[in-house]
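Written below as structure tokens is the structure these notes are about.
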Amino acid sequence: MPPYTGLVLCLIGLSASARLAKSRTPNYCCRRFELWPGEINASGNSQYLANWYTPSHIVNGFLFSGAPRLSDPV
């Protein structure tokens, strides 16, 4: 079992508990899974796995995680 499995399960449980405390369902209830709707001005555009900012987020992730390693390559 991977070392962080317990931590991930605890975070999922905390998230579900927080949703239940707010009188919401503990999971996604729409039964509709889409990667991206393809509409930039859609009302739920930020609620999907990917949007048109995704490439920028990936590049920034590599830059922000790589910059400290380049400055101190120990």
Gained length - TYR4 relative to LEU70, 0.36 nm times residue gap less alpha-carbon distance: 21.1 nm
Where labels lie 7 Å past Cα in the beta-carbon direction, separation of ARG19 and ILE40 in nm: 3.1
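The numbers here are math on the coordinates, done by the rules we state, and not lab data. Quantities reported herein were computed from a predicted structural model and do not represent experimental measurements. Cβ: placed from backbone, ideal geometry, glycine included. Neighbour counts: every protein chain shown.
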